[in-house]
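A.B. asks: One structure follows; several queries about it will come next.
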Amino acid sequence: MQNNDITYANELGELLGPFLRIIRATGFFEAYVFMPLMTVLSIYLFIELRHKLKSNGTFDRGFPKKYRLTFLGLYYVLCFMATNVTAVAFKTLIIEEMDYETTPWFLPLVGPLHFYILSVVAVYLWLIRRNLNKLTDCLLCIYLQIGLLGGYYIGVNRLMNEPFEFTDVTTGVSGIFFLLWFGILNTDIIVRFFRKSTEEVPFIKKKSQSVDI
């Protein structure tokens, strides 16, 4: 899929070709350009998210104060991922913008994979912004679990097959980080929904009793 001086990684890249060419002409796909810009945007998203979490009951009773800073840090990382993964997803639709010296078989899948990661991060951020326990939220939690299972798989795979080199984050050391990272995110979702369920039950019982009277 060649278009003058650009070779697209897949059909999606070819479809978005005119848009990608405009963005590429600005130099946006250079790491020293998009990373600072996307980082500033992630800070804005985090500030807005933090204000929302203060008013939606996330840090109400039952949430230890000593853990708030930790979870806020995790939530910022998600905001950072949301903005930067978006840039990388579009960037990897152009083969010339990738770092591969050869053409691996999975090259057409790199862009779509980043868009999938973006969707999982967006779902997580949307869930914690709502902080509700409705049917839609439960269905999205299932979608989120699929993404987290993929993270667990990568973590286990690196632990079992990669050497431990503290100077290389792609080795077995990152496997430990992935398992801890996704485990904390998983725990956050489970505790959040469990807490919402237990808070709603007394209300339902009280309402039913008042009707019986």
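A.B. asks: If you filter segment 67-139 for trypsin sites (Lys or Arg not before Pro), then keep DSSP loop positions with at most 14 other Cβ within 10 Å, what is left?
C.D. replies: In loop regions of segment 67-139 (DSSP not H, G, I, E or B), the sparsely surrounded trypsin sites (Lys or Arg not before Pro) are LYS134.
A.B. asks: At 0.36 nm per residue, and after removing the present C-alpha to C-alpha distance, how many nm does the segment from ALA122 to ASN161 gain when stretched out fully?
C.D. replies: Gain on stretching ALA122 to ASN161: 11.0 nm.
A.B. asks: So between LEU149 and GLU11, what do we pick up on full extension, going 0.36 nm a residue minus the alpha carbon distance?
C.D. replies: Numbers: separation 138, 0.36 × 138 = 49.68 nm, distance 2.76 nm.
My answer for the length gained is 46.9 nm.
A.B. asks: Also: Pairwise over distinct Cα atoms, reciprocal of the mean inverse distance: report the Kirkwood radius of the chain in Å, one decimal place.
C.D. replies: After inverting the pairwise mean of 1/r, the radius is 19.9 Å.
A.B. asks: Further, regarding this structure: Going by amide H atoms built from the backbone, whose H comes under 5 Å of the H on THR7, apart from near neighbours?
C.D. replies: Placed amide hydrogens put ILE95, GLU96 under 5 Å from THR7.
A.B. asks: Let me ask another. Rounded to the nearest whole Å², what accessible area per residue is found for the chain with the 1.4 Å probe?
C.D. replies: Numbers: 13230 Å² over 213 residues.
Per residue, the chain has an accessible area of 62 Å².
A.B. asks: What number comes out for the charge environment of TYR8, summing +1 per Lys or Arg and -1 per Asp or Glu over other residues with Cβ under 14 Å away?
C.D. replies: -2
A.B. asks: Filter the chymotrypsin sites (Phe, Trp or Tyr not before Pro) in segment 103-185 down to the DSSP loop ones having no more than 16 other Cβ atoms within 10 Å, then list what survives.
C.D. replies: Details: sites: TRP105, PHE106, PHE115, TYR116, TYR124, TRP126, TYR143, TYR152, TYR153, PHE164, PHE166, PHE177, PHE178, TRP181, PHE182; in loops: TRP105, PHE106, PHE164, PHE166.
Taking segment 103-185 and a limit of 16 other Cβ atoms within 10 Å, the loop chymotrypsin sites (Phe, Trp or Tyr not before Pro) found are TRP105, PHE106, PHE164, PHE166.
A.B. asks: Could you tell me what percent of the accessible area of the chain is made up of carbon and sulfur, with a 1.4 Å probe and every protein chain present?
C.D. replies: Answer for the chain: carbon and sulfur cover 69 percent of the accessible area.
A.B. asks: Which order do the peptides 80-87, 5-12 come out in when sorted by mean C-beta neighbours inside 10 angstrom, highest first? Intermediate results must be reported in sequence, preceding the final value.
C.D. replies: On the way: 80-87: 20.1, 5-12: 16.1.
The most tightly packed comes first, giving 80-87, 5-12.
The values are calculated or read from the model by the stated rules, or taken from the named source; none is laboratory data. Quantities reported herein were computed from a predicted structural model and do not represent experimental measurements. Virtual Cβ from ideal backbone geometry, glycine too; neighbours counted across all protein chains shown. These accessible areas exclude ligands, DNA and RNA; they are computed on the full protein's heavy atoms, side chains included. Shrake-Rupley method; radii C 1.70, N 1.55, O 1.52, S 1.80 Å.
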